[in-house]
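Participant: Right, I'll just put the structure down here and ask away after.
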Amino acid sequence: MIKPLADIVVVDFSQFLSGPSASLRLADLGARVIKVEKPQTGDICRHLYVSEAIMNGVSSIFHAINRNKESFVADLKDELDRKDIRELIRHADVVMHNFRPGVMERLGFDYESVREINPTVVYGEISGYGSDGPWKDKPGQDLLVQALSGLTWLSGNGSKGPVPMGIAVVDIMTGAHLAQGILACLVRKGISGRGGLVQVSMLESIIDFQFETITTFYRDGGQPTVRSDKNNAHAYLGAPYGIYKTKDGYIALAMASVPQLGSLLGCAGLINYQNIDSWFTRRDEIKDMLADHLLKENTAHWLQILEPADIWCADVLTWDRLMDHEGFKVLDMIQEVRMEDGYRYKTTRCPITIDGKRLVSPLGAPKLGEHTESILEEILAKHTVPK
């Protein structure tokens, strides 16, 4: 299969998670991603551990988001290395970074400088909070941006404090938005020959992520967010929306008629809530009653009653149970990739299917500087990075 971005060359200065997650998606779609890293240490993410899992000498998270890329080592403050970088840029389709505002200007690789080298380049950049305003120099770290954005007041129960999402959701969403902007400019470039500057910030991305609840906030006249005291899964939705403990596990319940649930589950008290408004105004007492009732039987028992009635519900799976289920296996979401030294590891594949083909890649993450010499040979031999 010829992937959609075959022949596209990306020079990627980014590190940590947000930028590399964007270039990972571009690589999955067929682009050649040349990852520019510092000598000796490389991308800081090589040693950013989310657990004690060290894979082939570097962190598991580096392997997860840097597969299918090439590593080029260069000191951006060394003039000889800078000359090589300028040659890379000259023949790139995309240049991207996620440094704080001002860093690339000081290094001489900001958009205007890069456009002088490559007038039709698509240039992408990620910042924490934009290039202006009082927060522009603050560190753009996922948890900190979650905290500032209001997101942490949507999860968890009302009687508890703020609860962050247990995954780098800001980094991942920001990377997705950068990839979207880059792809849009590549389409424009294909039509008109014009490149462009794509700018996204972590704060703007996570605010956009909350578009549903923020729109409701303005519609409500700025009323404060009120989470349900028990089984909260959405601060703005009424009962029964939430996750409930059963006799042997947990069950998730989405939108449903409360009286209908009462009839199906044999919980007479729920039948009294005939007025839809009460599912919002009295959601805590409804959830309290429902939670007590669901403890009486196993999850499978409740699912056997609710699913045939077309009630939106689900078992709450752990990863081991998920990965043992045919519903997961049929997706074939796990691929094994191989590094050049023979080290193999399992990771997720790209979730996109094109023309009936799943996008997989056999190459694992690169060793630091693994491709520097071969890329330099290409530059010297042809004065270009072949596409």
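Participant: Val187 versus (1) without any contact (Cβ under 8 Å) to a residue 40 or more places away in the chain; (2) over 19 Å from Ser23 (Cβ atoms); (3) loosely packed, with under 14 Cβ neighbours inside 10 Å: which is the lone unmet condition?
Facilitator: (2)
Participant: Let me ask something additional. Using the structure shown, decide if Phe62 is under 27 Å from Ala184 (Cβ atoms) and hydrophobic (A, V, I, L, M, F, W, C).
Facilitator: When the stated conditions are applied, Phe62 does not pass them.
Participant: Residue pairs, Cβ under 7 Å, 6 or more apart or interchain, first in the stretch 216-243 and of a type in the set (Lys, Arg), second assigned to a loop (DSSP other than H, G, I, E, B). List them.
Facilitator: Filtered contacts from the stretch 216-243: Arg227/Gly156; Arg227/Asn157; Arg227/Gly158; Arg227/Ala235; Lys230/Asn157.
The rows are residues; the columns are (1) among the small types (Gly, Ala, Ser); (2) surrounded by 21 or more Cβ atoms within 10 Å (Cβ to Cβ).
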{"site": "Leu5", "(1), (2)": "no, yes"}
{"site": "Ile8", "(1), (2)": "no, yes"}
{"site": "Phe13", "(1), (2)": "no, yes"}
{"site": "Ser21", "(1), (2)": "yes, yes"}
{"site": "Arg25", "(1), (2)": "no, yes"}
{"site": "Gly30", "(1), (2)": "yes, no"}
{"site": "Glu37", "(1), (2)": "no, yes"}
{"site": "Gly42", "(1), (2)": "yes, yes"}
{"site": "Leu48", "(1), (2)": "no, no"}
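Participant: For Lys38, indicate whether it is of a type in the set (Lys, Arg), more than 21 Å from the chain's Cα centre (by Cα) and either assigned by TED's automatic domain parsing to the domain that holds Glu378 or modelled with pLDDT under 95 (or both).
Facilitator: yes
Participant: Look through the stretch 197-223, keep the residues that are among the acidic types (Asp, Glu) and under 20 Å from Gly175 (Cα atoms), and return whichever of them is surrounded by the fewest Cβ atoms within 10 Å (Cβ to Cβ).
Facilitator: So the residue we want is Asp208.
Participant: Follow-up question, since we're still on this one. How about the stretch 308-387: which helices (runs of 4 or more DSSP H) wholly inside it have at least 3 residues that are in contact (Cβ under 8 Å) with a residue 40 or more places away in the chain?
Facilitator: In the stretch 308-387, 372-382 are the helices (runs of 4 or more DSSP H) which contain 3 or more residues that are in contact (Cβ under 8 Å) with a residue 40 or more places away in the chain.
Participant: Hey, among the residues in the stretch 224-245 that are over 28 Å from the mean Cα position of the chain (by Cα) and either surrounded by fewer than 16 Cβ atoms within 10 Å (Cβ to Cβ) or in the same structural domain as Gly158 (by TED's automatic domain parsing) (or both), which one's nearest to Thr299 (Cα to Cα)?
Facilitator: Per the criteria, the residue is Lys245.
Participant: Take the residues in the stretch 68-83 that are of a type in the set (D, E, K, R) and out of contact with any Ser or Thr (no Cβ under 9 Å at 6 or more places or on another chain); name whichever of them is surrounded by the fewest Cβ atoms within 10 Å (Cβ to Cβ).
Facilitator: Looking at residues that are of a type in the set (D, E, K, R) and out of contact with any Ser or Thr (no Cβ under 9 Å at 6 or more places or on another chain), I get Glu79.
Participant: Please verify whether the stretch 170-177 includes one or more residues that are assigned by TED's automatic domain parsing to the domain that holds Gln15 and more than 20 Å from Asp28 (Cβ to Cβ).
Facilitator: The answer is yes, given that some residue of the stretch 170-177 is assigned by TED's automatic domain parsing to the domain that holds Gln15 and more than 20 Å from Asp28 (Cβ to Cβ).
Residue by residue, here is whether (1) farther than 21 Å from Gln199 by Cα; (2) touching a helix residue (DSSP H, G or I) at 6+ places or on another chain (Cβ under 8 Å); (3) assigned to a helix (DSSP H, G or I); (4) not assigned by TED's automatic domain parsing to the domain that holds Lys346 holds:
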{"residue": "Ser14", "(1), (2), (3), (4)": "no, yes, no, no"}
{"residue": "Arg25", "(1), (2), (3), (4)": "no, yes, yes, no"}
{"residue": "Gly42", "(1), (2), (3), (4)": "yes, no, no, no"}
{"residue": "Leu88", "(1), (2), (3), (4)": "yes, yes, yes, no"}
{"residue": "Ala92", "(1), (2), (3), (4)": "no, no, no, no"}
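Participant: Can I ask one more? Checking Asp75 against (1) out of contact with any helix residue (DSSP H, G or I) (no Cβ under 8 Å at 6 or more places or on another chain); (2) modelled with pLDDT of 95 or more; (3) of a type in the set (Asp, Glu), only one condition comes out false. Which one?
Facilitator: Unmet for Asp75, out of (1) out of contact with any helix residue (DSSP H, G or I) (no Cβ under 8 Å at 6 or more places or on another chain); (2) modelled with pLDDT of 95 or more; (3) of a type in the set (Asp, Glu): (1).
Participant: Between Ile117, Ile172, Ile191, which is closer than 18 Å to Val11 by Cα and either over 22 Å from the mean Cα position of the chain (by Cα) or among the β-branched types (Val, Ile, Thr) (or both)?
Facilitator: Ile117
Participant: Continuing with the same structure: Filtering the stretch 278-318 down to residues that are of a type in the set (Gly, Ala, Ser) and closer than 12 Å to Tyr244 by Cα, which residue is farthest from the chain's Cα centre (by Cα)?
Facilitator: Ala291
The values are calculated or read from the model by the stated rules, or taken from the named source; none is laboratory data. From a predicted model like this one, the values you see are computed outputs, not experimental measurements. Backbone-built Cβ (ideal geometry, glycine too); neighbour counts: all protein chains shown.
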